[in-house]
């Protein structure tokens, strides 16, 4: 049964308060790397639509908000069955370790859509056993749930539950809350941040009157400058907050929030960006409860115009070898549908030998591409046909082959699985295996 309850984002009070105490002491970089690999491994398996691979990262004793290991498998199967399922990109992974337990936060995009982290909070709790980190869940099992209504005057404030932005604004009803103590935060631009601690053992309403700040902190951003173009996918945010003695501020970047460390008023932190145009501001609340906000900045990431060129050639005449390309959405470009891939096309279908058959694409989609070659007709064991493929991405060239075909037509030896490769944020990496699900391979040419 698919569980889409907002419960998935609630940081379980029992385990969060007992096991997952926030601790930054002795956080071994090796341990953090292992945990990061688990999270990335889960979403790599998601991209390959392999639920068995996903569950290999789970502890057999997994329990999260009443869902055990087998319930969790059902949840992932529902996610993979979603017709809108797109390539997942996980970033900004932050790890907090306490002994053999860990808690993870991260940013997630499905296709081009940002996904609130609470929708995947079921992967956030890990346990180390027998030397391996696996997803363990919050180990919370409860029978009764309640609703928590949050209201503000004026309305429209962002809502935070136990410090996590739930990406809803007031007024809003948070359902499926288990009994326990929760911290409710709200923030509306131009007003002070406010927090309330409540104990939930019945349906309750929290009403907060927002106040104007008095002598709020003044936030000075030294770098980057407003309107600046950043060369790369990250920049160093630098600035100073005079007479501010807190240790953190909040960065709002394109609507997503992250904590910025502040030391004696100074902040100096690397920030990742994925969009071509990025809007951000910084806010900080002093010990008097007054919230200051920086100016709103717009910066631009230098975006190289990606170009992909795939060329197939072979060494014999009177032979017909065809190039087949699948993009991340499984669009299949070949002689029968030369424009199947958006912003791409197969230049021509060469039927009398040598090639080249060339595929071009601009405005590249992020995800997994698959390249195959098929020997349609003209095979001769006396004069073997050897094929080569050249892939050029943003002037970087990779060669494959030569490959000798052993048959033509519908015989298995007529196919060459050239390669699969992944493109993310303008970077190409070769995949070890072809992990896209290709349901149909074309082997007949009615049009020739």
Subject >> Breaking point among (1) touching a residue at least 24 places away in the same chain (Cβ under 8 Å); (2) more than 18 Å from residue 424 (Cα to Cα); (3) surrounded by fewer than 18 Cβ atoms within 10 Å (Cβ to Cβ), for residue 334 >> reply: (3)
Subject >> The one condition in (1) closer than 25 Å to residue 44 by Cα; (2) surrounded by 19 or more Cβ atoms within 10 Å (Cβ to Cβ); (3) not assigned by TED's automatic domain parsing to the domain that holds residue 410 that residue 326 fails to fulfil >> reply: (3)
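Looking for whichever is out of contact with any strand residue (DSSP E or B) (no Cβ under 7 Å at 6 or more places or on another chain) and over 30 Å from residue 110 (Cα atoms) here; the options are 337, 320, 411. Which one fits? Before the answer, list the steps.
Details: 337 fails: over 30 Å from residue 110 (Cα atoms); 320 fails: out of contact with any strand residue (DSSP E or B) (no Cβ under 7 Å at 6 or more places or on another chain).
Matching residue, one of 337, 320, 411: 411.
Yes or no: region 68-84 includes at least one residue that is part of a loop (DSSP other than H, G, I, E, B), modelled with pLDDT under 85 and within 30 Å of residue 259 (Cβ to Cβ).
Of all residues in region 68-84, those part of a loop (DSSP other than H, G, I, E, B) come to 82-84.
Restricting the remaining residues to those that are modelled with pLDDT under 85 gives 82-84.
Cutting the leftovers down to within 30 Å of residue 259 (Cβ to Cβ) gives us none.
No, that holds for no residue.
Taking strands (runs of 3 or more DSSP E) that do not extend beyond region 212-297, which have at least 1 residues that are modelled with pLDDT under 90 and in contact with a strand residue (DSSP E or B) (Cβ under 6 Å, 6 or more places away or on another chain)? Give the steps one after another, and end with the answer.
Values: elements: 220-223, 234-240, 248-253, 256-261, 266-272, 277-285, 291-293.
The qualifying strands (runs of 3 or more DSSP E) are 234-240, 256-261, 266-272.
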Subject >> Residues being surrounded by 21 or more Cβ atoms within 10 Å (Cβ to Cβ) and either within 12 Å of residue 147 (Cβ to Cβ) or touching a residue at least 60 places away in the same chain (Cβ under 8 Å) (or both) - total across region 167-180 >> reply: 3
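What number of residues within region 308-321 are free of Cβ contacts under 8 Å to residues at least 60 places away in the same chain and surrounded by 15 or more Cβ atoms within 10 Å (Cβ to Cβ)?
Pass one, region 308-321, residues free of Cβ contacts under 8 Å to residues at least 60 places away in the same chain: 317.
Remaining after also requiring surrounded by 15 or more Cβ atoms within 10 Å (Cβ to Cβ): none.
Residues that pass the stated criteria total 0.
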**OP:** Of all residues in region 35-67, count the ones that are buried (at least 17 other Cβ atoms within 10 Å of the Cβ), assigned to a helix (DSSP H, G or I) and touching a strand residue (DSSP E or B) at 6+ places or on another chain (Cβ under 8 Å).
**Re:** 8
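Tell me yes or no: at least one residue of region 432-448 is outside any loop (DSSP other than H, G, I, E, B) and at pLDDT below 95.
Taking region 432-448 and keeping what is outside any loop (DSSP other than H, G, I, E, B), we get none.
Scanning region 432-448 turns up no residue that is outside any loop (DSSP other than H, G, I, E, B) and at pLDDT below 95.
The values are calculated or read from the model by the stated rules, or taken from the named source; none is laboratory data. Keep in mind that this is a model prediction, so the values were computed, not measured. No Cβ is skipped: glycine too gets one built from the backbone with ideal geometry, and neighbour counts run over all protein chains shown.
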